[in-house]
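One structure is given here, and the rest of the page talks about it.
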4 protein chains.
Amino acid sequence: MNKVRLENFSDGVFAIAVTLLILSVRIPDAKNYDNHELNYALRRAVPHLITFAFSFMVVGVFWVAHHRIFSMAKKVDNGLLWLNVFYLLFVAIMPYPTALLAENPFLTTGILVYSTALFIIAFMHFLLLNHIYANKRVRSEVFTAEIYQSYLRIGAVGPVCYILAAGGSFISPYISFFFIFAALVFYIFFSRSTKVEEKLLMKAE
Amino acid sequence: MNKVRLENFSDGVFAIAVTLLILSVRIPDAKNYDNHELNYALRRAVPHLITFAFSFMVVGVFWVAHHRIFSMAKKVDNGLLWLNVFYLLFVAIMPYPTALLAENPFLTTGILVYSTALFIIAFMHFLLLNHIYANKRVRSEVFTAEIYQSYLRIGAVGPVCYILAAGGSFISPYISFFFIFAALVFYIFFSRSTKVEEKLLMKAE
Amino acid sequence: MNKVRLENFSDGVFAIAVTLLILSVRIPDAKNYDNHELNYALRRAVPHLITFAFSFMVVGVFWVAHHRIFSMAKKVDNGLLWLNVFYLLFVAIMPYPTALLAENPFLTTGILVYSTALFIIAFMHFLLLNHIYANKRVRSEVFTAEIYQSYLRIGAVGPVCYILAAGGSFISPYISFFFIFAALVFYIFFSRSTKVEEKLLMKAE
Amino acid sequence: MNKVRLENFSDGVFAIAVTLLILSVRIPDAKNYDNHELNYALRRAVPHLITFAFSFMVVGVFWVAHHRIFSMAKKVDNGLLWLNVFYLLFVAIMPYPTALLAENPFLTTGILVYSTALFIIAFMHFLLLNHIYANKRVRSEVFTAEIYQSYLRIGAVGPVCYILAAGGSFISPYISFFFIFAALVFYIFFSRSTKVEEKLLMKAE
């Protein structure tokens with residue numbers, strides 16, 4: 001299996017999953033609304049729109065992570081191929097927990113399902129990374145022990161936050177929202193590639 | 001992050017968002033219609049079809065703008081990466097305001113939401129362009145101050161029209177339609193790349 | 001605008017439009033069906049499935065035509081860019097007339113809308129081809145007058161069939177089905193590229 | 001028709017079809033659920049989620065098979081082109097039998113339709129492979145009789161399992177599930193490319 005083709009297919013699944021999220025925001029379906037009724041219907045759609053925007057950025061974070069991980073592989077073996085297909089299964093499932101959370105933003109079960117989905121995807125990043133690192137035929141030359149350690153440290157933030165979010169859902173939804181949001185902010189603003197990695201990646205490109 | 005991959009992913013989101021717009025045109029769902037009833041149902045679908053066609057062309061304009069902007073970058077840094085993911089969020093959201101407008105074409109709220117969505121996307125073009133211009137490591141050599149000025153001038157037409165459309169929606173829907181339509185016509189027929197740019201772009205290709 | 005990118009985006013819209021067609025085949029939504037009821041529901045879905053399969057092949061024919069046409073261009077100018085965006089609008093609209101026809105396979109209006117959509121797309125192939133041929137900066141060197149004539153001849157079969165189908169719908173749906181089906185069979189089995197073209201295309205590749 | 005473009009288009013259809021599968025998992029649509037009701041609704045969604053996950057992996061297997069088959073072609077002729085479009089029709093149809101099975105997991109008809117869809121796709125792999133092998137202008141140099149035999153042997157497992165699954169559905173759904181699942185496990189874990197092929201493929205890349 002060609003590596004470029006695998007990445008293209010993965011990008012396709014990411015792009016579609018992320019765009020399908022909008023379908024979870026239901027359009028108020030009564031026609032002949034007056035303006036007042038439409039305003040009211042839109043106010044009711046606000047949690048949906050927030051959940052959509054939030055999930056979009058989360059899947060965006062996963063997409064970036066997926067690329068960083070695959071930039072460390074020089075080849076795709078059978079194990080990595082099927083691990084990746086299995087990984088994409090959970091990416092493609094995201095519209096479901098997103099819709100569930102949008103419909104029931106303050107129920108324990110909705111938050112629990114959503115956090116668990118994020119946890120599984122984040123955990124599979126670790127499996128993918130590990131598979132690449134452990135197989136000499138797959139691992140790129142730039143993928144040193146130093147980078148592996150740094151990726152593990154950065155990659156651990158997500159799963160830890162999502163577990164805390166899942167656990168917190170039994171106490172208060174706001175605890176869950178805090179941890180899920182914290183992971184998002186961390187990955188967007190604080191996980192910039194370190195200078196060491198950048199130099200190595202530059203060589204690889 | 002590889003620039004080609006970022007563009008491919010963006011193209012994917014654009015292609016999916018633009019094609020999902022058709023899902024906002026509901027199929028009349030009664031079976032056993034006679035021909036007369038079907039004609040009547042189709043007449044009721046006309047505003048939906050017009051909104052679809054219109055939104056398709058608007059997103060097409062955004063897609064072309066996105067490409068022109070990214071042709072001015074030689075690299076993608078972290079800031080541009082996340083700015084672009086955030087930008088795509090609003091591209092992916094388009095099926096929602098489109099469906100909203102199609103259902104309620106003459107209500108202030110529907111038009112206001114639609115114009116605001118267009119304004120945000122058009123404004124983010126400016127943020128993307130600015131980020132590229134302001135960062136030496138990101139900016140392509142062909143991206144001169146002259147081109148920057150010309151892009152700013154062309155890029156300002158959209159946001160101004162969309163703000164006027166949003167404001168006009170409180171007076172009459174037709175004012176809004178006029179300004180949104182004017183921006184579309186401007187970008188398709190009057191914003192052809194100037195000769196200076198063309199020469200520079202040709203070098204870059 | 002880069003030609004490869006335009007083709008990739010077009011391919012994306014084609015791939016999505018063609019796959020969305022399946023959404024027009026409604027899943028019988030009663031649960032707790034027994035086997036007899038499910039059989040009955042499936043029998044009622046047969047016209048939907050036939051319309052899906054048929055439209056899939058028709059859009060496949062359009063996709064092949066689009067590629068043949070663009071293989072004759074060496075560059076994309078502004079006119080070709082926007083003509084192509086407008087063309088893709090009608091490709092993206094296909095799930096709508098397909099669903100309409102599937103719901104009402106024997107009504108004049110459904111067939112008329114469907115035939116008209118096919119006619120517009122087929123006619124726009126002619127506009128695209130003509131734009132490429134008429135502009136020296138756009139036209140590839142292999143695009144000789146001989147090939148142009150041959151493309152026009154092949155390309156005329158579709159629009160003629162679709163007009164006859166539209167007209168025939170006022171007499172009998174079977175006349176329409178015959179002509180639409182005839183065009184499909186012609187393009188799949190009888191429009192193989194002639195030897196002259198093949199030689200020229202081979203050089204271009 | 002360019003081979004790379006055909007593969008990209010096919011990858012697009014695969015990626016979209018596989019991601020649309022999630023739309024067959026209906027979101028419980030009552031709002032104002034309490035947690036208990038949501039739990040109950042989720043338990044009812046379990047067969048849908050299992051069917052989704054399963055179909056995702058099955059389409060993943062088909063995608064890998066499609067790539068292996070096309071890696072044996074050096075060119076695309078007219079026959080291969082249309083055979084592939086027809087093949088993609090059945091890939092794109094997959095969300096329908098998947099939804100049907102998810103709604104009625106223990107009814108003979110649902111299982112029969114699902115198994116038949118898998119059988120047709122698996123059988124078309126054989127047609128594609130055969131067309132490539134039989135046409136000297138299409139066949140890649142690395143595609144030896146030895147590889148052809150090995151592909152036929154591996155490729156036969158699927159159709160045989162799916163026929164047994166279809167037949168078994170008249171006795172017990174569990175027999176069908178067993179055979180469909182067996183084919184999936186076989187392709188993921190036991191059909192790794194043999195060493196001979198790998199060496200040949202490596203040369204081709």
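Its relative contact order, with pairs defined as Cα atoms under 8 Å and 6+ residues apart, puts chain D at 23 percent. With a simple spin-label model that places each label point 7 Å from the Cα along the Cα-to-Cβ direction, the separation between A:I175 and A:F106 comes to 1.7 nm. Summarising the label geometry, the points placed 7 Å from Cα in the beta-carbon direction at D:L49 and C:A145 lie 6.9 nm from one another. Taking all protein chains together and rolling a 1.4 Å probe, D:V142 ends up with roughly 20 Å² accessible. Per residue, the stretch C:1-126 exposes 31 Å² of accessible surface when a 1.4 Å probe is rolled over the protein heavy atoms with every protein chain present.
Determine the residues within the stretch C:92-113 where the difference in accessible area between the chain on its own and the full set of protein chains amounts to at least 40 Å²; count protein heavy atoms only and use a 1.4 Å probe. The answer is C:A92, C:I93, C:Y96, C:L100, C:E103, C:N104, C:L107, C:T109 - residues whose exposure falls by at least 40 Å² when every protein chain is included. The apolar share of the surface of the stretch D:3-204, taken as the fraction of accessible area on carbon and sulfur atoms (1.4 Å probe, ligands and nucleic acids excluded), comes to 68 percent. Between helix B:35-70 and chain B there is an angle of about 10 degrees, using the helix long axis and the longest principal axis of the Cα atoms. The alpha-carbon atoms of the stretch D:104-157, seen along their principal axes, cover 47, 19, 11 angstrom, with the largest extent given first. Per-residue accessible area (protein heavy atoms, 1.4 Å probe) orders A:K75, D:K136, A:K3 as D:K136, A:K75, A:K3, starting from the largest.
Between amide H atoms placed 1.01 Å from N, distances below 5 Å from B:R139 occur with B:K74, all of them 5 or more places distant or on a separate chain. Per the Debye formula on identical point scatterers at the alpha carbon atoms of the stretch A:148-195, with no solvent, log10 I(q)/I(0) at q = 0.26, 0.27, 0.31, 0.33 Å⁻¹ is -0.88, -0.92, -1.07, -1.14.
Tell me, what is a quarter of the convex hull surface for the C-alpha atoms of chain B, in nm² with one decimal? Value for chain B: 12.9 nm².
Computed over neighbours whose Cβ is under 15 Å from that of D:P173, the net charge equals -2, Lys and Arg +1, Asp and Glu -1.
Quick one: label points 7 angstrom along Cα→Cβ at D:E37, distances to the other copies in nm, smallest first? For D:E37, the other copies' label points sit at 2.3, 2.3, 3.3 nm, shortest first. Rounded to the nearest 10 degrees, the angle from helix D:195-204 to the longest Cα principal axis of chain D is 70 degrees.
Pairs of Lys residues in the stretch A:1-140 are counted when their Cα atoms are under 25 angstrom apart and they lie 8 or more places apart or on different chains; the count is 5.
Using a ≥ b ≥ c from the Cα gyration tensor of the protein assembly as shown (square roots of the eigenvalues), is it rounded, prolate or oblate, where a/c under 1.5 gives rounded and otherwise the larger of a/b and b/c decides, a/b for prolate? Because its axes are fairly even, with a/c under 1.5, the protein assembly as shown counts as rounded. Chain C and chain D together bury an accessible surface of about 3400 square angstrom, both sides counted, with a 1.4 Å probe and no ligands or nucleic acids included. For the stretch D:12-98, the relative contact order works out to 58 percent when only alpha carbon pairs closer than 8 Å and six or more residues apart are counted.
In nanometres and ascending order, the distances from the D:R137 label point to those of the other copies are 3.7, 3.7, 5.2 (point 7 Å from Cα along Cα→Cβ).
The values are calculated or read from the model by the stated rules, or taken from the named source; none is laboratory data. Just so we're clear, the structure is a prediction, and the values are computed from it rather than from any experiment. Here the Cβ is made from the backbone with ideal geometry for all residues, glycine too, and neighbour counts use every protein chain on show. With ligands, DNA and RNA removed, areas are computed over all heavy atoms of the protein, side chains included. Shrake-Rupley method; radii C 1.70, N 1.55, O 1.52, S 1.80 Å.
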